[in-house]
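Beneath this line is the structure, given in structure tokens, with notes to follow.
The values are calculated or read from the model by the stated rules, or taken from the named source; none is laboratory data. Everything numeric here is computed off the predicted structure, so don't read it as measured data. Quick reminder, even Gly has a Cβ in these numbers, built from the backbone with ideal geometry, and neighbours come from all protein chains shown. The protein model used for the area step is the full one, side chains on, heavy atoms only, and it has no ligands, DNA or RNA in it. Shrake-Rupley method; radii C 1.70, N 1.55, O 1.52, S 1.80 Å.
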Amino acid sequence: VMAESVGVNPVMVRNVTGMLRRAGIVASSQGKAGTRLARRLEAITLLDVYRAVNAAEELFSVHENPKLGCPVGGNIEWALGGVLADAQRTMEERLRLTTMASIVEQIRSRNRN
């Protein structure tokens, strides 16, 4: 049902659910179908979810093997590194301040109108 709702393959939902379970966001019981939240909505932030499904990946990255002798390739990390790190920190702070409870409330509010 969930996969159909978001328009993805059920395997993708199972994979993401597994990541959320390993992060302690959802839980399941042996012998019982379904998954439930392991914490209250107010205690789950979008940063928790982001980190659960993105592991340690950064949102922004520079090509790992630039040609160091090239004026662009040799300097791109230096030129963009600080800007991209600031953007990552800003995004993570915004996600940290947004709880799943606030997302649910936004959806309920929209559906009331």
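With only Cα atoms counted, the chain has Rg and Dmax values of 19.0, 60 Å.
Could you compute how fast the stretch 17-71 diffuses translationally, taking Rh as the Kirkwood radius over C-alpha pairs and applying Stokes-Einstein at 20 °C with viscosity 1.002 mPa s? Give it in µm² per second.
The calculation lands on 155 µm²/s.
Short-range pairs are left out: with C-alpha atoms under 8 Å and at least six residues apart, the relative contact order of the chain is 25 percent.
Say a site is exposed when it is one of the trypsin sites (Lys or Arg not before Pro), sits in a DSSP loop, and has at most 12 other Cβ atoms within 10 Å; what is then the longest site-free stretch of the chain? Don't skip to the end; give the middle numbers.
Values: sites that count: Lys32, Arg40, Lys67.
With a cap of 12 other Cβ atoms within 10 Å, the longest stretch comes to 68-113.
Rounded to the nearest whole Å², what accessible area per residue is found for the chain with the 1.4 Å probe? List each step's numbers first, then the result.
Details: 8820 Å² over 113 residues.
Heavy-atom accessible area per residue stands at 78 Å².
What a 1.4 Å probe finds exposed on the chain is 56% carbon and sulfur by accessible area, rounded to a whole percent.
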